[in-house]
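Visitor: Have a look at this one.
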Ligand SMILES: [Fe+2]
């Protein structure tokens with residue numbers, strides 16, 4: 001018998017992913033909202049941009065792009081809470097795979113968590129399809145996920161003990177994942193220049209009580225280790241969690257499909273494919289600020305983000321300059337800013 005009274009859950013991976021059916025996004029009750037959790041796929045939600053943002057607010061305070069809109073840069077959507085995770089160019093066409101923006105996106109093809117490069121990390125991401133390549137034709141464009149809690153459970157004892165004994169801190173910057181994703185394009189970008197956001201690697205995932213490996217392609221190094229050992233351990237952990245047995249590849253089947261995941265216990269990556277340069281894959285994301293006790297890691301708590309030129313924002317700015325970002329002005333202003 002189902003443990004849920006308002007939804008049906010179809011298993012997509014034995015340890016961490018499910019398709020949730022029967023959710024009425026137009027009239028979502030509190031009871032139904034409480035039954036939705038984890039890494040979940042929702043088909044045909046019927047959500048608009050406004051409803052997407054409204055739904056996401058029920059998960060917590062939303063991150064927004066307003067603080068990146070400096071030097072004349074403008075948001076491309078009506079809502080500052082929507083992040084562009086697709087391949088749409090400035091004119092609404094299919095992005096040229098060789099364009100600067102495409103070079104920026106290549107870092108997203110490496111397993112990561114959203115926002116670990118920010119002082120305050122994110123809990124949930126809600127990614128919604130607006131336009132997708134023709135499904136089930138082998139064109140690619142899936143979003144892949146990895147289960148970092150089960151990967152911790154299965155880690156060899158020596159490495160486990162090393163992590164438990166040393167309580168390592170990971171140093172994250174978006175500049176590093178951009179450089180790894182497109183080394184030639186970003187060859188002049190120095191990932192060490194603007195500092196790092198610092199988060200412990202081994203953490204308890206509060207909602208489940210299970211231990212988790214909080215790692216990502218954004219993690220430049222592990223504090224307190226010489227460079228060779230830091231790189232070796234970083235790569236070992238990322239390789240471990242990326243194994244097929246801990247991962248699942250999820251396809252986008254319909255417009256308005258949405259996937260919600262918890263960045264505090266999963267990693268994800270955007271899979272490439274033959275659609276690139278040919279078909280639109282317009283995906284938009286809301287990102288929820290973590291409100292758990294470890295949300296800020298070892299970083300300075302600054303709820304007002306009044307130091308926009310420090311660390312994460314400075315790295316973003318250096319990248320934006322390189323890309324020459326220009327967006328359309330938003331038609332409305334979000335209420336959280
Ligand atoms: Fe992401």
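Visitor: Separation of region 156-201 and region 213-235 by C-alpha centroid, Å?
Guide: The distance from the Cα centre of region 156-201 to that of region 213-235 comes to 5 Å.
Visitor: May I ask you to sort 48, 125 by Cβ crowding, counting other Cβ atoms within 10 Å and putting the fewest first?
Guide: The fewest-first ordering by Cβ neighbours comes to 48, 125.
Visitor: With the Cα gyration tensor of region 215-308 giving a ≥ b ≥ c as the square roots of its eigenvalues, does the rule (a/c under 1.5 for rounded; else a/b larger than b/c for prolate; else oblate) give rounded, prolate or oblate?
Guide: Working: a/c = 2.09, a/b = 1.29, b/c = 1.62.
Because a/c hits 1.5 or more and a/b fails to exceed b/c, region 215-308 counts as oblate.
Visitor: Here is a further query. So what is the 222 nm mean residue ellipticity for the chain from helices alone, if each DSSP H run of at least 4 adds -39500 (n - 2.57) and you divide by all residues, rounding to the nearest 500 deg cm²/dmol?
Guide: My calculation for the chain gives -6500 deg cm²/dmol from helical runs alone.
Visitor: Oh, and also: If you rank 303, 219 by fewest surrounding Cβ atoms within 10 Å, what's the result?
Guide: Fewest to most other Cβ atoms nearby, the residues stand as 303, 219.
Visitor: Given an 8 Å cut-off on Cα distances and at least 6 residues of separation, report the relative contact order of region 8-323 as a percent.
Guide: Details: 628 pairs, mean separation 106.0, N = 316.
In percent, rounded to a whole number, it is 34.
Visitor: Neighbour counts of other C-beta atoms within 10 Å: give me 259, 88 arranged from fewest to most.
Guide: Result, fewest neighbours first: 88, 259.
Visitor: Taking the chain as a Gaussian network, Cα atoms linked when under 10 Å apart, which of 216, 109, 50 shows the biggest mean-square fluctuation?
Guide: Highest fluctuation among the options: 50.
Visitor: Which value in nm describes the separation of the simple spin-label points at residue 29 and residue 235, placed 7 Å from the Cα toward the beta carbon?
Guide: 5.4 nm
Visitor: Quick check on region 199-251: take the gyration tensor over C-alpha atoms, sort the square-rooted eigenvalues as a ≥ b ≥ c, and tell me if it's rounded (a/c under 1.5), prolate or oblate.
Guide: Verdict is oblate for region 199-251.
Visitor: Please work out the Kirkwood hydrodynamic radius for the chain, using every pair of different C-alpha atoms, and report it in angstroms with one decimal place.
Guide: Evaluated over the chain, this radius sits at 20.5 Å.
All of the numbers you see were taken from the coordinates with simple rules; none came from a lab. Bear in mind the structure is a predicted one, so any value in this text is a computation, not a measurement. Cβ sites come from the backbone with ideal geometry, for glycine too, and all protein chains shown count toward neighbours.
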